[in-house]
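These notes are about the structure you will find just below.
Only the coordinates and a few stated rules stand behind these numbers; no lab work does. Since the model is a prediction, treat every value here as computed from it, not as a measurement. All Cβ positions, even for glycine, are placed from backbone atoms using ideal geometry, and neighbour counts span all protein chains on display.
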Protein chains: 2
Amino acid sequence: MAEKLTSRNQDYSKWYNELVIKANLAELSAVRGCMVIKPYGYAIWEKMQAELDKMFKATGHENAYFPLFVPKSLFEAEEKNAEGFAKECAIVTHYRLKNDEEKPGKLKVDPESKLEEELIVRPTSEAIIWSTYKKWIQSYRDLPILINQWANVVRWEMRTRLFLRTAEFLWQEGHTAHSSKQEAVLEAKQMNDVYADFAEKFMAMPVIKGLKSESERFAGALETYCIEALMQDGKALQAGTSHFLGQNFAKAFDVKFTNEKGKLDYVWATSWGVSTRLMGALIMTHSDDNGLVLPPNLAPIQVVIVPVYKGDVELNKISIVAIKIKNELESKGISVKYDNRDNFKPGFKFNEYELKGVPVRIVVGPKDIQGNSVEIARRDTLAKSKVEINNVVDTVSNLLSEIQDSLLIRALNYRNKNITIVDSFEDFQSVLNEKGGFISAHWDGTTETEELIKKKTKATIRCIPYNNEQEDGVCIYSGNPSKQRVLFAKAY
Amino acid sequence: MAEKLTSRNQDYSKWYNELVIKANLAELSAVRGCMVIKPYGYAIWEKMQAELDKMFKATGHENAYFPLFVPKSLFEAEEKNAEGFAKECAIVTHYRLKNDEEKPGKLKVDPESKLEEELIVRPTSEAIIWSTYKKWIQSYRDLPILINQWANVVRWEMRTRLFLRTAEFLWQEGHTAHSSKQEAVLEAKQMNDVYADFAEKFMAMPVIKGLKSESERFAGALETYCIEALMQDGKALQAGTSHFLGQNFAKAFDVKFTNEKGKLDYVWATSWGVSTRLMGALIMTHSDDNGLVLPPNLAPIQVVIVPVYKGDVELNKISIVAIKIKNELESKGISVKYDNRDNFKPGFKFNEYELKGVPVRIVVGPKDIQGNSVEIARRDTLAKSKVEINNVVDTVSNLLSEIQDSLLIRALNYRNKNITIVDSFEDFQSVLNEKGGFISAHWDGTTETEELIKKKTKATIRCIPYNNEQEDGVCIYSGNPSKQRVLFAKAY
């Protein structure tokens with residue numbers, strides 16, 4: 001085991017980067033801003049994918065796959081969307097390399113292979129998908145179309161951080177088409193609810209559901225629904241967004257349908273996505289100075305069994321007990337690793353599984369076997385207890401649920417304690433700098449004020465929460481009348 | 001339902017294209033050579049992925065994810081590999097668009113965003129992965145590395161066909177690193193066996209396992225193992241390949257390890273992949289002039305229940321029976337669709353599910369309910385039979401296994417009948433043109449002869465089968481001595 005992690009208090013950002021690397025989740029690659037997701041990190045992402053995919057299918061969606069590339073003429077068709085992504089997209093201009101005469105053994109771009117029309121590597125797929133939906137939709141009978149895609153996308157970000165902001169990332173993007181505005185709005189809200197449920201039930205991460213302000217909306221959307229989470233350093237993280245796109249893309253790609261009354265109308269649209277960014281959110285919500293803390297529902301290894309022994313005779317005795325426990329736990333659908341590697345000491349293994357966030361550790365030593373018990377340690381609180389061997393399976397099974405619940409409660413308490421109501425810009429600034437977290441404050445509703453606050457403080461409006469209380473007040477910045485408080489925060 | 005499919009006899013190629021489109025599997029996109037995989041096609045691919053993924057994990061592999069882009073300097077490091085793909089790769093040269101002053105509302109590539117080093121969209125990932133493995137490998141203790149990746153890749157093919165050859169396709173690529181040649185060779189063979197098992201057990205597609213001749217090897221491999229299938233038109237299809245890469249990539253990227261004796265050595269490598277091309281193989285192995293024929297193990301819908309009725313009263317009575325059957329089948333893990341759509345006639349539905357290849361159809365009408373029976377039709381033979389309602393679940397469950405087995409046997413019989421032994425070039429040509437299929441013929445072992453045969457006949461050496469009988473003979477083309485027969489065919 002390498003030296004200890006930097007502590008969160010010392011340098012949160014450094015702690016995060018070290019943790020991602022040391023826990024073998026991901027690392028930077030030879031390509032600027034692109035990451036390698038390592039097997040342990042990918043295993044967590046696979047669990048997220050599996051659960052989300054079930055939830056999408058349970059709400060009537062099907063998966064499909066659309067091209068990686070978007071021809072420039074399609075990319076620019078919906079102007080706001082194009083404008084939003086134009087400055088950060090990878091562009092394919094040629095399709096062939098040839099030998100470089102000046103440098104034997106090296107290759108260069110063959111100028112004769114220049115494409116007539118450039119291809120944009122998708123930063124999001126509305127354009128390519130709506131150019132396809134045009135062919136699929138004639139009548140209201142063809143609607144709704146409820147499609148999701150698991151894919152990689154590229155946004156040429158200048159400042160990147162593992163999982164949180166990378167030039168290429170993995171995500172899912174839902175793209176739906178509807179015959180009425182109402183149905184599309186309900187769909188967009190429904191998927192934001194699905195994201196919130198996933199965050200709470202699987203990631204044990206509480207989120208606030210709300211609407212984005214105009215300036216924070218997805219480029220091309222009429223309304224963006226979102227879920228916002230709070231990290232341990234008091235910064236907010238946008239964990240998922242769901243967009244009501246109105247008829248913008250239908251108009252850009254001329255997608256009309258005949259409604260039940262026989263009249264032509266433009267199709268209504270939504271899109272919604274979550275990405276490998278959720279990995280960053282997961283890490284920063286629960287982990288501590290010893291390493292990763294994973295909620296059992298997403299842990300690739302839920303239980304690790306470590307034998308403590310001297311010599312083969314002891315190991316054999318312990319292994320009989322350990323393997324029996326392993327089999328019984330696995331028969332209950334719990335994933336278990338029995339780590340009987342002989343070239344590492346127990347203490348090393350303890351550190352390793354703490355670093356990797358395995359929720360429950362079972363230690364079996366010779367004395368335990370004599371006493372007919374084992375030691376069980378939980379990763380979240382680091383608490384240990386002795387448990388009779390006969391009770392191990394029930395205890396562990398209950399403990400996993402308890403850990404899952406208690407992680408959510410802990411995160412929820414933290415989040416709730418860090419929503420501060422302020423009524424002056426002075427308080428706003430001091431809370432932001434000293435305490436962090438969400439700040440609930442009156443805002444006059446204008447983009448100008450929002451921008452000025454952002455410039456002065458780096459805080460942005462994270463969302464206007466659902467069912468937000470309407471109350472007359474005064475904008476903390478402009479002093480103009482305000483009808484409601486919104487949530488501000490510095491954000492990832 | 002649109003007009004009937006072109007028949008296979010009339011025009012096999014046209015039949016294939018029409019079937020892919022009409023069964024809603026895939027279609028061409030707005031991007032040259034790239035396809036849209038539609039939900040029904042993608043559902044089949046998802047089933048393939050799920051089974052393959054289980055098989056990879058059962059043989060000790062983990063999933064990970066590496067970048068989409070390969071910097072040119074890494075791409076060209078392994079020269080043979082680079083040479084093999086240089087002429088068909090999409091190249092990213094810029095990272096930003098800007099407003100086109102001459103065309104308001106349009107965008108153009110910002111020349112100031114030119115990349116210092118071009119990025120190749122991965123046609124395969126050996127280069128980016130081995131540049132990463134270099135960081136992961138120091139000692140024999142770090143080996144083996146057994147990683148698989150599910151990803152999209154791009155090869156700029158000029159002549160494309162849905163699923164069979166597309167500019168972008170989906171695949172998995174395994175990339176493993178080993179401390180000995182023997183271990184790497186065993187790994188490459190093992191994965192070829194996994195592919196063969198998958199093809200036979202799930203796709204009901206018999207394959208011949210063998211080695212590629214030198215000229216047909218993967219660029220950069222020392223040996224390519226493959227599985228070769230035979231399509232209904234007598235053309236072969238390479239369904240999967242597994243490569244023993246020797247130390248080529250380790251040398252290109254300077255990846256050395258300290259072995260158990262403390263000496264430095266280059267790491268041994270394999271890579272192996274199957275792609276959405278398997279969809280084409282699946283379609284062409286079993287389908288007929290009525291449409292798709294899917295093996296039950298990969299069918300998204302295994303059983304469809306169609307009610308035949310007049311009016312709501314009859315439909316309600318039938319629905320009670322149908323839903324009971326559906327629930328019972330589903331409790332056995334069988335996927336069932338009850339199609340009670342009122343705006344389509346039974347005949348239309350029958351055609352639709354035949355076109356979509358649903359293995360078993362259950363028809364329930366008012367007379368059936370009176371007689372306490374239903375009609376069961378199997379898609380592969382189109383045979384129908386009456387079955388007592390109480391026996392439906394057992395009958396269907398057995399029938400699905402029977403269909404799975406019988407599809408494999410049918411395909412195997414066809415394949416075996418179409419391996420022809422020839423001993424002269426004249427016979428070779430006439431068999432190739434009249435009968436097609438695999439031709440087992442003596443070959444002198446030289447690339448020159450292979451090339452000449454290919455030029456004259458378009459037939460290539462598909463493989464040198466495993467455990468090939470060694471017999472002295474005379475090359476059908478050159479007349480030079482030969483030690484074994486190899487399998488030739490025209491191929492997709």
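Laid out as a table, the results:
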| item | result |
| --- | --- |
| Other-copy label distances relative to A:Asn327, 7 angstrom Cα-Cβ extension, nm | 3.7 |
| Fraction of antiparallel bridges per DSSP, the range A:303-399 only, in percent to nearest 5 | 55 |
| Shortest-first distances to equivalent copies, position B:Asn433, nm, label 7 Å out along Cβ | 9.0 |
| 10 Å Cβ neighbours from other chains, averaged over peptide B:147-155 | 3 |
| Highest average packing first - B:470-479, A:136-145, B:299-308, Cβ atoms within 10 Å | B:299-308, A:136-145, B:470-479 |
| Shielding by other protein chains, B:211-217, mean Cβ within 10 Å | 0 |
| Cβ crowding within 10 Å averaged over residues, with A:375-383, B:310-318 ranked highest first | A:375-383, B:310-318 |
| 7 Å along Cα→Cβ, label-point gaps from B:Lys455 to other copies, nm, shortest first | 7.3 |
| Tilt relative to chain A, helix A:126-136 - C-alpha long axis, 0 to 90 degrees, to 10 | 70 |
| Spacing of the two label points (7 Å from each Cα toward its C-beta) at A:Lys108 and B:Glu112, in nm | 2.6 |
| The range A:157-242 - percent relative contact order, Cα under 8 Å, separation 6 or more | 20 |
| For the range B:306-404: rounded, prolate or oblate by the Cα gyration tensor [a/c cutoff 1.5] | oblate |
| Value of relative contact order over the range B:303-399, rounded to a whole percent, pairs C-alpha under 8 Å and six or more apart | 31 |
| Share, in percent, of DSSP beta bridges within the protein assembly as shown that are antiparallel, nearest 5 | 85 |
| Cα-based convex hull, the range B:122-240, per residue volume (Å³, whole number) | 131 |
| Distance cut-off 19 Å, percentage of C-alpha pairs in the range A:181-323 lying past it | 64 |
| A:Glu118 long-range amide H proximity, modeled H, under 5 Å | A:Lys72 |
| Reachable aspartates and glutamates, given that their alpha-carbon falls under 15 Å from the alpha-carbon of B:Lys54 and they are not under 8 places away in the same chain | A:Glu46, B:Glu46, B:Glu62, B:Glu173, B:Asp193, B:Asp197 |
| For the range B:453-461, 3J(HN,Hα) per residue [Karplus equation, 6.51 cos²θ - 1.76 cosθ + 1.60, θ = phi - 60°, Hz, x = Gly/Pro] | 4, 4, 4, 6, 10, 6, 8, 10, 6 |
| Shape of the range A:1-129, Cα gyration tensor, a/c cut at 1.5 | oblate |
| Candidates per GluC sites (Glu not before Pro) in the range B:1-47, loop by DSSP, up to 15 other Cβ within 10 Å | B:Glu3 |
| Fraction in percent of alpha-carbon pairs per bin - 10 Å, the range A:419-489 | 23, 61, 16 |
| Per-peptide average of other Cβ atoms within 10 Å, ordering A:48-58, A:285-295 highest first | A:285-295, A:48-58 |
| In degrees, nearest ten, helix B:346-355 long axis to first principal axis of chain B (Cα) | 20 |
| Out-of-range pairs (alpha-carbon distance over 26 Å; input A:Lys87/A:Lys209; A:Lys455/B:Lys106; B:Lys356/B:Lys386) | A:Lys87/A:Lys209; A:Lys455/B:Lys106 |
| Computed helical MRE - 222 nm, chain B, DSSP H runs ≥ 4 contributing -39500 (n - 2.57), nearest 500 | -11000 deg cm²/dmol |
| 10 Å Cβ neighbours from other chains, averaged over peptide B:32-38 | 6 |
| Long-range HN-HN contacts of B:Ser373 with modeled amide H, under 5 Å | B:Ile389 |
| C-alpha center-to-center spacing [the range B:341-404, the range A:267-328] in angstrom | 45 |
| For chain B, fraction of C-alpha pairs farther apart than 41 Å, in % | 31 |
| Cross-link partners of B:Lys263 among lysines (Cα-Cα below 30 Å; sequence separation of 8 or more within a chain) | A:Lys22, A:Lys38, A:Lys345, A:Lys349, B:Lys80, B:Lys134, B:Lys135, B:Lys181, B:Lys189, B:Lys251 |
| Calculated over the protein assembly as shown: convex hull of Cα atoms, volume per residue (Å³) | 212 |
| Nearest-ten-degree value, helix A:392-417 long axis tilted from longest Cα axis of chain A | 50 |
| Global geometry of the range B:177-216, whether rounded, prolate or oblate, following the gyration tensor of its Cα atoms and the 1.5 cut on a/c | oblate |
